[in-house]
Amino acid sequence: MQDEIEERWDDAWLVEVDKAWDAIHRCLSDGTLSLHGAINPSRLAILGGRHLYRGNDYIISLVTPNEAKTVASEIATIDEAWLRGKYDAIDADDYGCPKSGEDFDYTWDYFQLLPPFFKRAGDAGRYVIFTVDQ
């Protein structure tokens, strides 16, 4: 399923966040990779939304156009200092890779792609699909 989705990518509507997805999700949620718990709009950006696949090899989640608009609005005001505070609060043992200034800069660089992407998708009435290998 993941291969089928990725083969049909429309590059004009594609944003890749590389491995930064992990830290971004943790920063926008409760500091973990949990798929459960209270849903806040910013959490929908990475692992939130409707899960289209149930298995342990990858994750596929879907965000509706209305949810994309909400995410865009919610994350538009996030600045580097706010994200840094959330990044610093991530449990280093749970994170699985060394936290560092370089890792944060990498996370911040990729995060900055998300607010305009979600705004554009929401404004165009497009769904957003997130895929990642586990």
If we keep just the residues of segment 29-71 that are under 20 Å from GLN112 (Cα atoms) and among the basic types (Lys, Arg), which is farthest from the chain's Cα centre (by Cα)? LYS69
Just checking, does segment 36-56 include any residue being loosely packed, with under 11 Cβ neighbours inside 10 Å, among the charged types (D, E, K, R) and out of contact with any strand residue (DSSP E or B) (no Cβ under 8 Å at 6 or more places or on another chain)? yes
Exactly one condition in (1) out of contact with any Pro (no Cβ under 9 Å at 6 or more places or on another chain); (2) of a type outside the set (D, E, K, R); (3) in contact (Cβ under 8 Å) with a residue 12 or more places away in the chain is not met by GLY48; state its number. (1)
Output for segment 88-115, where each listed residue is out of contact with any Asp or Glu (no Cβ under 8 Å at 6 or more places or on another chain), within 17 Å of SER42 (Cα to Cα) and either among the polar types (S, T, N, Q) or surrounded by 15 or more Cβ atoms within 10 Å (Cβ to Cβ) (or both): ILE90, THR107, PHE111, GLN112, LEU114, PRO115
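Bear in mind that the values in this text are calculations on the coordinates, not laboratory data. Values in this document were obtained by computation on a predicted structure and should not be read as measured data. Every residue, glycine as well, gets a Cβ built from its backbone with ideal geometry; the counts of neighbours run over all protein chains shown.
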